[in-house]
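*Asks:* Let me give you the structure first, and then I'll get to my questions.
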Amino acid sequence: AEGGWPVQLTISDQRQAAPAWSPDSKWIAYQSDYDGDEQWDIFLVSPKTGQVVNLTKTRQIAEESPAWSPDGRYLAYMVKPKTSSVFEIDVYDMVMRQVKHLTTGTPKDKLNAGPIWSKDGKLIVYTQQQAKGTDSNIFIADVASGKSTLLTPHNGEQLYTANALSPDARKLLITSNAANGYDNVGLLDVATKKIDWLTQDKWEISGGDFSPDGRYATWTANVDGNSDIYLHELAGGKTIALPLPKGVNTPGGSESAFTRDGSRLLYYHNGPNAPNDIWVFDQAGGDVASGKSHQVTQALVAGVRSEDMVEPYLVHYPSRDRKWTISAFVYVPYNLPRNAQHPAIVYVHGGPTAQTVNSFNRFVQYVANQGYIVIAPNYRGSTGYGKDFQQANLFDMGGGDLQDVIAAADWIKQTGYVDPKKLILMGGSYGGYMTMMGVTKAPEVWAAGVPIVPFVNFFTEIENEDPVLQQSDMATMGDPVKNKALYQDRSPIFFVDQIKAPLLLLAGGHDPRCPKTESQQVVDAIKKRGGVVEYKVYENEGHGFARVENQIDAYKRVADFLKAHVPPADCGCSLNE
């Protein structure tokens with residue numbers, strides 16, 4: 001853990017994620033899919049020999065999030081047939097090569113996630129989530145019998161997520177919005193089901209892990225897009241913020257962020273000028289305040305300097321209906337004159353239950369380097385700002401949240417940097433949908449639009465998307481037959497005739513979330529009426545672009561499109577090529 005050049009263990013064109021070390025360190029379990037189709041298999045790779053084994057080999061069933069039992073004999077993971085909307089939890093016996101179904105018969109509007117083993121290997125804790133995203137529960141299952149017990153009985157809609165089980169299996173570290181409508185961290189007594197709240201803040205607090213001796217617990221506090229890690233002494237109640245670099249800091253490790261003796265903590269750090277790297281915090285013999293961090297990996301290579309990256313400003317502006325305060329990160333290229341001549345990009349995150357945070361964004365840095373101002377708003381429906389804000393766009397997708405995005409354009413125009421005729425709307429997934437809603441519902445605002453892997457038609461989206469997302473969309477927008485008028489009003493494909501801006505659409509050929517047929521509908525409709533549209537499908541990609549060659553091609557396509565239709569002013573802000 002002192003640092004060094006990483007050693008590549010696998011060679012593949014396919015995505016690989018969720019690595020988990022076996023307790024004896026002989027294997028690393030991970031998940032991999034085929035060209036972005038999200039039909040994950042569980043693989044094993046030997047860190048010593050590089051041998052790779054496909055453990056599950058089920059093309060029509062997705063297996064995700066592998067978790068080893070403490071003795072290394074069993075592997076628990078989430079499992080979902082391609083045509084199902086339900087994730088169950090299976091346990092694979094590495095010795096007998098047999099699969100046991102830990103959960104069965106879960107309702108179609110729920111899914112089971114995040115299996116956590118007890119130290120004796122007899123119990124598994126998991127979280128059961130509702131499709132609507134407004135309610136969840138925690139269960140504990142006996143592995144031998146398969147019997148599950150509800151740990152979080154409650155009335156109304158509340159979110160509960162299991163984070164870690166204490167070494168003696170008596171306490172469970174959880175994250176929940178039950179205390180005050182904001183995500184906070186609590187200790188749940190497994191026997192009594194009583195919760196002792198460790199935090200009651202009005203920011204998003206997420207549970208982490210227990211130290212090996214059970215004396216400490218960690219959590220992460222996300223304050224308006226910046227995250228820090230806290231160490232809490234359970235007996236004394238003392239809480240200390242770890243002295244970490246500014247940006248987004250989250251605990252690392254597949255099983256635990258702590259070393260076995262508890263003296264050091266592994267974490268990930270990234271910021272606007274630094275890609276994600278692994279760091280280690282040394283507690284200095286228990287004196288946390290005097291502890292120090294050191295960087296283990298170096299993601300910035302080949303002469304790329306952190307000081308050349310644009311540092312964003314965190315700003316706030318009122319929503320158009322004055323119901324909310326919207327937070328946004330604004331990237332202004334260095335040495336940019338305030339002369340009202342520059343283009344600006346309103347960059348919309350996906351989700352919508354997600355958040356733009358103060359992290360490294362390659363694409364934003366790429367376009368900022370070329371003279372484009374970027375504002376990335378956290379519109380209503382985003383995470384990070386409490387239950388009411390997150391649920392404010394339920395049954396109103398493309399409504400109030402779109403107005404928050406347009407308000408970002410209003411705000412950036414007032415800075416004195418921007419030419420009001422050079423506003424660009426861009427985003428991926430739900431951000432791509434918002435881009436299409438913006439150019440159809442507020443066509444006078446935008447000079448260009450770049451929807452990336454969008455959906456554009458709620459009716460066809462529900463027919464063709466993954467069954468899990470079908471349940472989610474119906475839970476958040478209602479039944480497509482009963483709510484036909486709402487579905488039609490919030491489907492930009494029906495308003496393509498209003499578009500004035502040129503568009504560039506990018507799609508993935510194997511996208512199970514927003515199929516390429518969604519983008520094709522827009523392209524066909526615009527071409528039919530003689531509009532300006534460019535289109536590229538990356539046939540070997542899914543929901544987003546994982547292959548380096550496709551990322552480079554997509555970046556260049558976007559840059560060329562923007563320069564052709566909304567060229568940057570001569571700002572002298574570009575780095576040397």
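*Asks:* More than 20 angstrom separation, counting every C-alpha pair in the stretch 194-309; what % is that?
*Replies:* Counting every Cα pair in the stretch 194-309, those more than 20 Å apart make up 42 percent.
*Asks:* Also, quick follow-up: So how tilted is helix 430-441 from the main axis of the chain? Cα-based, degrees 0 to 90, rounded to 10.
*Replies:* Once rounded, the angle reads 20 degrees.
*Asks:* Over the stretch 85-156, what is the mean sequence separation of C-alpha contacts under 8 Å (at least six apart), divided by residue count, expressed as relative contact order in percent?
*Replies:* Computed over the stretch 85-156, the figure is 22 percent.
*Asks:* Turning to a different aspect of this structure: Place the peptides 14-21, 161-168, 143-150 in order of packing, highest mean first, counting for every residue the other Cβ atoms within 10 Å and averaging per peptide.
*Replies:* 161-168, 14-21, 143-150
*Asks:* While we're looking at this one, here's another question. For the stretch 349-409, which chymotrypsin sites (Phe, Trp or Tyr not before Pro) pass both filters: DSSP loop (anything but H, G, I, E, B) and at most 14 other C-beta atoms within 10 Å? Display every interim value, and only then the final one.
*Replies:* Values: sites: 360, 363, 366, 372, 379, 385, 389, 395; in loops: 360, 372, 379, 385, 395.
Taking the stretch 349-409 and a limit of 14 other Cβ atoms within 10 Å, the loop chymotrypsin sites (Phe, Trp or Tyr not before Pro) found are 395.
*Asks:* To continue, here is another question. Strictly over 21 Å apart at the Cα level, which of 82/110; 482/528; 132/482; 238/292 would you flag in this model? Mind showing how you got there, number by number?
*Replies:* Working: 82/110 15 Å; 482/528 31 Å; 132/482 17 Å; 238/292 19 Å.
Pairs exceeding the cut-off: 482/528.
*Asks:* Do me a favour and compute the ellipsoid semi-axes for the stretch 97-201 from its Cα gyration tensor, root of five times each eigenvalue, largest one first, whole Å.
*Replies:* The answer is 23, 18, 10 Å, longest axis first.
*Asks:* Straight-line reach from residue 563: which lysines have Cα under 17 Å away, leaving out those fewer than 8 places along the same chain?
*Replies:* Those lysines meeting the cut-off are 421, 422.
*Asks:* For the chain, take the longest principal axis of its alpha carbons; what is the angle in degrees between that and the long axis of helix 516-528, to the nearest 10 within 0 to 90?
*Replies:* Result, in degrees: 0.
*Asks:* For the stretch 1-63 and the stretch 103-134, write down the distance between their C-alpha centroids in whole Å.
*Replies:* 23
*Asks:* Go through the stretch 64-118 and name the trypsin sites (Lys or Arg not before Pro) that are in a DSSP coil and have 10 or fewer other Cβ atoms within 10 Å of their Cβ.
*Replies:* 97
*Asks:* With viscosity set to 1.306 mPa s at 10 °C, what whole-number translational diffusion coefficient in µm²/s follows for the stretch 238-369 from Stokes-Einstein and a Kirkwood radius over Cα pairs?
*Replies:* My calculation gives 91 µm²/s for D.
*Asks:* Compute the angle between helix 548-565 and the longest alpha-carbon principal axis of the chain, please, reported from 0 to 90 degrees and rounded to the nearest 10.
*Replies:* 30
*Asks:* Additional query: Can you give the relative contact order of the chain as a percent, counting alpha carbon pairs under 8 Å and 6+ residues apart? If you can, show how the numbers build up before the last one.
*Replies:* Details: 1428 pairs, mean separation 52.9, N = 577.
Relative contact order here is 9 percent.
*Asks:* Let me ask you something else. For residue 386, enumerate residues with amide H under 5 Å from its amide H, sequence gap 5+ or separate chain, H modeled in the peptide plane.
*Replies:* Hits under the 5 Å cutoff: 183.
*Asks:* Would you calculate the convex hull of the Cα atoms in the stretch 300-370 and tell me its volume per residue in Å³?
*Replies:* 126
*Asks:* Next question, about the same structure. Enter the mean projected area of the convex hull around the alpha-carbon atoms of the stretch 53-121, in nm², rounded to one decimal.
*Replies:* For the stretch 53-121, averaging the hull's shadow over all directions gives 4.9 nm².
*Asks:* About its Cα centre, what dipole magnitude does the stretch 360-484 give when the only charges are +1 on Lys and Arg Cβ and -1 on Asp and Glu Cβ, stated in debye to the nearest 20? Display every interim value, and only then the final one.
*Replies:* Working: 9 positive and 13 negative charges, 84 e Å.
Computed about the Cα centre, the dipole is about 400 debye.
*Asks:* Among all the aspartates and glutamates, which ones have a C-alpha under 17 Å from residue 536's C-alpha, if same-chain residues fewer than 8 places away are not counted?
*Replies:* 35, 511, 518, 524, 549, 553, 560
*Asks:* While we're here: Kindly give the semi-axes, whole Å and largest first, of the ellipsoid equivalent to the stretch 115-166, taking each as the square root of 5 times a Cα gyration tensor eigenvalue.
*Replies:* 22, 11, 9
A short reminder: the numbers here are calculations on the coordinates, not readings from a lab. As the structure is a computational prediction, the values presented were derived from the model and not from experiment. Neighbour counts are summed over all protein chains in view; Cβ atoms, including those assigned to glycine, are modelled from backbone coordinates with ideal geometry.
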